[in-house]
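The values are calculated or read from the model by the stated rules, or taken from the named source; none is laboratory data. Bear in mind that the values here come from a model prediction, so they are computed numbers and not experimental data. Because the Cβ atoms are built from the backbone with ideal geometry, glycine has one as well, and the counts that use them run over all protein chains shown.
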Amino acid sequence: MKRTDNCGELRKADDGNKVVLSGWVHKYRNLGGLIFLDLRDRYGITQILFDPNDLPKAAIDIANSCRNEFVVTVSGTVRIKPEPNKNLATGEIEVVADNIIIENESVTPPFNFLNGKSDAKEEVRLQYRYIDLRSDKMTNNLLIRHKICLAARNYLSEKGFIEIETPTLAKSTPEGARDYLVPSRIYPGNFFALPQSPQIYKQLLMVAGQDKYFQIARCYRDEDSRKDRQPEFTQIDIEQSFVTEEDIFSLTEGMFAYIFKQAADIDIKIPFERLTFKSAMDDYGVDKPDLRFGLKLKNISVSAKNSGFSVFANAECVKFIAVEGLENLSRKQMGEYEDYAKHLGGKGLAFTKVIGGKLDGGISKFLSGEEQKIIIDKAELSKDGIIFFAADSEDLANKILGALRNRLGGELKLFDINEYKFCWIVDFPMFEFNPDENRWQTMHHMFTMPKPEYLQDVINEVNLDKILGQLYDLVLNGVELASGSIRIHKSEFQKKIFKILGMTDAEIENKFGFMLNAFKFGAPPHGGIAPGLDRIVSIICGEESIREVIAFPKSKSQNCLMMNAPSEVDKSQLEELFIEIRKK
RNA sequence: GGUCCGGUAGUUCAAUCUGGUUAGAGCACCUGCCUGUCACGCAGGAAGUUGCGAGUUCGAUCCUCGUCCGGACCGCCA
């Protein structure tokens with residue numbers, strides 16, 4: 001018996017047809033005489049009926065022995081059900097079986113997914129991922145991921161981009177994340193690095209005249225995981241020659257509009273809003289603001305300098321957020337927010353309530369009438385509420401209030417989960433000073449071109465903290481979705497950047513000689529962007545964690561719980577690689 | 001590396017704060033009954049190294065310490 005249809009496609013119109021279905025036993029219901037099997041495959045569920053009046057006992061016995069997750073093939077006739085099941089797409093029909101074979105039995109599964117998603121915790125789901133992926137939810141997530149990839153490929157191909165693969169055995173480069181290293185057998189003591197991104201390869205493809213490149217590329221970064229980060233992840237890597245920032249913006253906007261429409265039938269508004277890095281930090285405290293709700297940060301640093309409240313007067317920066325309708329916050333809840341602020345590095349979380357247009361309680365008694373007026377004016381509350389203050393360094397004030405803002409946005413349900421608020425963050429600084437290492441670092445990566453008006457400052461190595469780069473992030477609902485820049489394409493200028501970052505001539509030659517050399521052979525101006533696929537998929541699927549949209553993700557602590565990797569290897573393998581393991 | 005939360009039956013949870021007889025429940029599993037269920041129903045049953053190791057105690061699932069595993073956040077992530 002070979003299947004003629006899948007378990008999700010039979011309808012009323014198929015009434016009377018002879019069919020063969022194969023799939024997994026989703027649920028069995030033995031009524032003593034009649035036996036119902038819900039047969040499931042990737043496409044859906046179809047009810048199979050075994051009627052002892054029509055079937056030999058042997059067939060009934062087989063049906064009766066079926067248990068959850070047995071794999072069976074059934075032949076029979078499509079019939080319209082007396083009462084339709086509105087919960088199933090195939091609910092108007094059933095298949096009246098005339099034969100059944102068990103393709104394979106199953107031991108009792110460790111968990112069930114009758115409601116469409118697995119009813120076990122993540123640890124167990126990851127251990128038995130091949131079962132977890134049978135659920136509706138995971139099947140759908142994988143399908144959406146596929147549609148997104150397909151849409152990206154089709155869109156970019158249509159625009160003249162071609163997909164070119166680049167090596168995953170690459171070279172370790174300084175800066176950035178920790179590399180995953182792969183020992184070389186042929187060159188003992190030497191290592192490949194798995195690429196953190198195909199950055200250098202794609203730039204060299206531009207030198208190679210390949211003009212418009214993309215790749216759905218796996219990237220590797222050996223850093224601690226988060227719910228939106230794991231050591232291997234996927235980027236829609238894009239690079240193009242002879243472009244401006246504006247070209248990349250419109251290409252990317254078009255691509256996202258196409259992806260959202262094709263993969264999820266969602267219409268998004270383009271062009272996207274744009275915010276400068278500075279305004280994002282000022283108003284939202286983060287460089288990836290969630291624009292679905294207001295709750296902007298307000299700055300009272302200037303007036304706070306003269307405050308009688310020493311906590312304000314002594315702080316470099318005093319900012320606040322004013323939240324309507326939280327004036328009845330319990331002491332316990334307040335304590336939780338305060339702990340949260342402390343966890344983020346703050347000394348505490350000052351607050352005052354706003355009742356009837358006046359500050360009330362909390363720190364209000366330390367503030368003069370004039371100060372209170374300034375705060376009330378800036379707060380712009382239309383009803384009673386509460387104000388949270390952060391008085392600290394500017395970085396810390398932003399960090400605390402930015403995080404608190406996001407938390408409150410979620411807790412108070414200040415946004416519509418079906419809304420998609422994209423924005424570009426532009427005018428990033430090129431460099432930031434690393435006080436721990438006492439040197440300058442690049443904000444994005446080392447290959448970013450400054451804005452033209454700052455070229456001379458770079459050459460002169462002056463005002464480094466003021467220099468803005470031609471680099472941009474794409475943010476959606478508070479998630480950094482993509483990052484990109486216009487690149488440096490001149491050898492000498494690139495070398496200048498390396499030097500500013502503190503690299504010696506020898507290091508430059510050793511690490512990037514090949515790249516600087518390549519640029520001498522007519523490198524075209526170029527730029528690009530790299531949207532993170534996992535994050536795009538997780539947002540479209542409504543998932544909190546990218547692990548829900550990766551078929552076989554690593555656990556938080558970077559194990560594969562299914563195969564138990566990483567694991568020790570044979571001594572002989574290490575010997576071939578001239579590697580000895582040192583005791584910890 | 002740090003802070004916090006969790007780990008009890010196959011699984012999801014309860015009991016732990018306030019140590020004490022036999023560690024409970026839903027789903028799953030097993031047996032029987034049941035001819036229109038569709039998360040079928042009914043009756044019965046089996047199922048536990050309370051993650052692991054030490055300590056305190058007459059007595060530890062419960063308190064303490066260590067350790068392992070999972071998760072959230074900070075650091076980290078050009």
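Can you tell me which of A:TYR220, A:TYR155 is within 23 Å of A:ASP534 (Cα to Cα) and out of contact with any Asp or Glu (no Cβ under 8 Å at 6 or more places or on another chain)?
Sole residue among the options that is within 23 Å of A:ASP534 (Cα to Cα) and out of contact with any Asp or Glu (no Cβ under 8 Å at 6 or more places or on another chain): A:TYR155.
Do we have A:ASN398 as within 16 Å of A:ASP282 (Cβ to Cβ) and either out of contact with any Pro (no Cβ under 8 Å at 6 or more places or on another chain) or surrounded by fewer than 17 Cβ atoms within 10 Å (Cβ to Cβ) (or both) here? Answer is yes for this residue. Looking across the stretch A:425-478, the residues that are within 15 Å of RNA strand B (Cβ to nearest atom) and free of Cβ contacts under 8 Å to residues at least 24 places away in the same chain come down to A:ASN434, A:PRO435, A:ASP436, A:GLU437, A:ASN438, A:PRO450.
Going by what's in this entry, would A:GLU575 be described as away from RNA strand B (no atom under 15 Å from the Cβ) and closer than 30 Å to A:ASN190 by Cβ? For A:GLU575, the condition - away from RNA strand B (no atom under 15 Å from the Cβ) and closer than 30 Å to A:ASN190 by Cβ - is met. For the stretch A:318-350, taking the residues that are within 16 Å of RNA strand B (Cβ to nearest atom) and touching a residue at least 40 places away in the same chain (Cβ under 8 Å), the one that is surrounded by the fewest Cβ atoms within 10 Å (Cβ to Cβ) is identified as A:GLY345. Set side by side, the residues A:GLY33, A:GLY23 differ, and just one is touching a residue at least 12 places away in the same chain (Cβ under 8 Å), over 12 Å from A:VAL96 (Cβ atoms), more than 13 Å from RNA strand B (Cβ to nearest atom) and among the small types (Gly, Ala, Ser), which is A:GLY23.
From the list A:SER545, A:SER557, A:SER485, pick out the single residue that is in contact with a strand residue (DSSP E or B) (Cβ under 7 Å, 6 or more places away or on another chain) and within 16 Å of RNA strand B (Cβ to nearest atom). First the steps, then the outcome.
On the way: A:SER545 fails: in contact with a strand residue (DSSP E or B) (Cβ under 7 Å, 6 or more places away or on another chain); A:SER557 fails: in contact with a strand residue (DSSP E or B) (Cβ under 7 Å, 6 or more places away or on another chain).
Sole residue among the options that is in contact with a strand residue (DSSP E or B) (Cβ under 7 Å, 6 or more places away or on another chain) and within 16 Å of RNA strand B (Cβ to nearest atom): A:SER485.
Scanning the stretch A:59-111 for residues being in a strand (DSSP E or B), of a type in the set (S, T, N, Q) and within 9 Å of RNA strand B (Cβ to nearest atom) gives a total of 0.
Note on the stretch A:141-171: among residues that are of a type in the set (S, T, N, Q) and either surrounded by 15 or more Cβ atoms within 10 Å (Cβ to Cβ) or touching a Pro at 6+ places or on another chain (Cβ under 6 Å) (or both), the one that is nearest to A:PHE233 (Cα to Cα) is A:THR168. Name the residue that is surrounded by the fewest Cβ atoms within 10 Å (Cβ to Cβ), counting only residues in the stretch A:493-542 that are part of a helix (DSSP H, G or I) and of a type in the set (Lys, Arg). Among them, the one singled out is A:LYS499.
Here A:ASP132 fulfils each of the conditions (1) within 10 Å of RNA strand B (Cβ to nearest atom); (2) outside the structural domain of A:LYS18 (by TED's automatic domain parsing) apart from (1).
Of the helices (runs of 4 or more DSSP H) lying entirely inside the stretch A:255-339, those containing at least 1 residues that are within 20 Å of A:ASN406 (Cα to Cα), modelled with pLDDT of 90 or more and not assigned by TED's automatic domain parsing to the domain that holds A:ALA350 span A:277-284.
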